[in-house]
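As structure tokens, the structure follows; a few thoughts come after it.
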Amino acid sequence: MKIKAPNHISGITPYLPGKPMEELERELGIKDSIKLASNENPLGPSPKAMAAVQKELAKTNRYPEGGGYYLTQKLARKFNISPKNIVLGNGSDDVIGMLTKAFLIPGDEAIMPSPSFLMYEIMVQVAGAISVRVPLSSYSIDLTAMAARVTSKTRMIFLTHPNNPTGSFLTEEAFCSFIRKIPEEVLIVLDEAYIEFVRDASSLDSLSYLTRDQRIVVLRTFSKAYGLAGLRVGYGIMDPDISSLLHRVRQPFNVNSLAQAAATAALDDVDFLEKTQALVHNGLNYIYRTLDKKGIPYLPSQANFLMIRVGDADRVYRKLLQEGVIVRSMTSYGFPDYIRLTIGLEMENERFIKALEKVL
Ligand SMILES: Cc1ncc(COP(=O)(O)O)c(C=O)c1O
């Protein structure tokens, strides 16, 4: 082809999502498979969100409300902050993209844990900037090593709290001492896609830093605990000076009207959120107990997924597929003896355990 993209674009490895269930079932000739691979909510969307989408459907001839007025207002009330602290995104992915667009130029550096969520690296590369990947230590984010990698070119640091795929979390104490080592002009992005599942009391309270520290941006999403992954809606909470810069690069109608209506209604559906949290916590407890009994090692997790040590992960992944159970092999994340399991419904967790027993 005569048309050439710059090297930093053609060199990107595209994000590889899991295959749709229907596709896998057709390929393998199986039925009734269960997907425990993408950290989704097994309860479906919140019923209140579904009702709101139904109501909004008839108005989809109109453009969405551009700044997400009602959703932003509601989030501001929920967190007791100003709407100016909030930027909505087409998923929190979109907010990651706005941050890298607004703050990085070619040659800049962004520090991130590795392995972690792959979109940081992709978005940093789109901006022509450099990803500085810092290996985890004992499956947790190594804040000391990350602080040590700061140079005069560092503009941004990504922290995943809890981390995907290891489920590790950051303590208040560790974060507090970390930020003291970071220069004032470096943005600290705390990606809290799974924050609603955290149970450990020593966990960092990110929002308490907002009023004290301009550098901190917190990312949240409706994709996990609120069950709205397919609608794509997330948000960032940050200082108004930062948000005003993100609004300059934000697409004017980046969150569609159905997503806005669903998310606004989902915030009122406390029952659904609590049911989701109980399901995940009970599911994790069940998996821990069962694996303990069988002597199968795993990483305790603060999210809605966990990593389980199974030996040859690619082989176990393929064998589980034949049993109709879809999980993720962690080989491409650098953990060739681990699979990642998303907590499902009670029956799905039981079916996973039965299939794992058979496969191992
Ligand atoms: C750590 C982390 N951050 C962000 C996202 C993206 O979430 P969203 O659906 O809001 O774009 C995910 C999705 O899996 C994730 O695991």
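The values are calculated or read from the model by the stated rules, or taken from the named source; none is laboratory data. All values derive from a computational prediction rather than experimental measurement. All Cβ positions, even for glycine, are placed from backbone atoms using ideal geometry, and neighbour counts span all protein chains on display.
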Any chance the range 74-88 includes a residue that's under 29 Å from residue 142 (Cα atoms), within 16 Å of the ligand (Cβ to nearest atom), of a type outside the set (Ser, Thr, Tyr) and surrounded by 20 or more Cβ atoms within 10 Å (Cβ to Cβ)? yes
In the range 193-205, how many are over 18 Å from residue 100 (Cβ atoms) and either in contact with a Lys or Arg (Cβ under 8 Å, 6 or more places away or on another chain) or polar (S, T, N, Q) (or both)? 6
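Are any residues in the range 111-120 in contact with a strand residue (DSSP E or B) (Cβ under 7 Å, 6 or more places away or on another chain) and either within 15 Å of the ligand (Cβ to nearest atom) or not in a strand (DSSP E or B) (or both), and if so, which ones?
Filtering the range 111-120 for residues in contact with a strand residue (DSSP E or B) (Cβ under 7 Å, 6 or more places away or on another chain) gives 111-114, 116-117, 120.
Hits for the range 111-120 are 112, 113, 114, 116, 117, 120.
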Which listed residue, of 341, 360, is modelled with pLDDT of 95 or more and among the aliphatic types (A, V, I, L, M): 341
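Residues to consider are 123, 146; find the one that is within 12 Å of the ligand (Cβ to nearest atom) and assigned to a helix (DSSP H, G or I). Break it down stepwise before answering.
Numbers: 146 fails: within 12 Å of the ligand (Cβ to nearest atom).
The conditions single out 123.
With respect to residue 189, determine if the residue is surrounded by 18 or more Cβ atoms within 10 Å (Cβ to Cβ), hydrophobic (A, V, I, L, M, F, W, C) and closer than 15 Å to residue 215 by Cβ. Show your work before the answer.
Values: surrounded by 18 or more Cβ atoms within 10 Å (Cβ to Cβ): yes; hydrophobic (A, V, I, L, M, F, W, C): yes; closer than 15 Å to residue 215 by Cβ: yes.
Taking the combined requirement at face value, the residue satisfies it.
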Working only within the range 233-258, note down all residues that are away from the ligand (no atom under 16 Å from the Cβ), surrounded by 14 or more Cβ atoms within 10 Å (Cβ to Cβ) and over 28 Å from residue 212 (Cβ atoms). 253, 257
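Being in a loop (DSSP other than H, G, I, E, B) and of a type in the set (Val, Ile, Thr) is the filter; apply it to the range 232-262 and report the residue that is nearest to residue 40 (Cα to Cα). Lay out the reasoning, then the answer.
Going through the range 232-262, the residues in a loop (DSSP other than H, G, I, E, B) turn out to be 232-233, 238-239, 250-256.
Next, only the ones that are of a type in the set (Val, Ile, Thr) stay: 233, 255.
Working: 233: 14, 255: 20 Å.
Checking each candidate, the answer is 233.
Does the range 56-63 contain any residue that is closer than 20 Å to residue 236 by Cα, assigned to a loop (DSSP other than H, G, I, E, B) and in contact (Cβ under 8 Å) with a residue 60 or more places away in the chain?
Checked the range 56-63: no residue is closer than 20 Å to residue 236 by Cα, assigned to a loop (DSSP other than H, G, I, E, B) and in contact (Cβ under 8 Å) with a residue 60 or more places away in the chain.
Being assigned by TED's automatic domain parsing to the domain that holds residue 63 and either more than 16 Å from the ligand (Cβ to nearest atom) or surrounded by 21 or more Cβ atoms within 10 Å (Cβ to Cβ) (or both) is true for just one of 278, 225. Which residue is that? Write out each step before concluding.
On the way: 278 fails: assigned by TED's automatic domain parsing to the domain that holds residue 63.
Exactly one of 278, 225 is assigned by TED's automatic domain parsing to the domain that holds residue 63 and either more than 16 Å from the ligand (Cβ to nearest atom) or surrounded by 21 or more Cβ atoms within 10 Å (Cβ to Cβ) (or both), namely 225.
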Any residue that is assigned to a helix (DSSP H, G or I), modelled with pLDDT under 95 and more than 15 Å from the ligand (Cβ to nearest atom) - is there at least one of those in the range 208-216? yes
Would you mind stating whether residue 185 is within 12 Å of the ligand (Cβ to nearest atom), among the acidic types (Asp, Glu) and without any contact (Cβ under 8 Å) to a residue 40 or more places away in the chain? no
Across (1) closer than 14 Å to residue 264 by Cα; (2) touching a helix residue (DSSP H, G or I) at 6+ places or on another chain (Cβ under 6 Å), residue 102 clears everything bar (1)
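Of all the residues that make up the range 334-359, how many are of a type in the set (A, V, I, L, M) and buried (at least 20 other Cβ atoms within 10 Å of the Cβ)? Write out each step before concluding.
Taking the range 334-359 first, the residues of a type in the set (A, V, I, L, M) are 339, 341, 343, 345, 347, 353, 355-356, 359.
Still in the running and buried (at least 20 other Cβ atoms within 10 Å of the Cβ): 339, 341, 343, 355-356.
Qualifying residue count for the region: 5.
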Taking into account only those residues within the range 64-73 that are part of a helix (DSSP H, G or I) and not aromatic (Phe, Trp, Tyr), which is nearest to the ligand (Cβ to nearest atom)? 71
Residue identified as under 17 Å from the mean Cα position of the chain (by Cα), among the β-branched types (Val, Ile, Thr) and more than 11 Å from the ligand (Cβ to nearest atom) among 157, 105, 96: 157
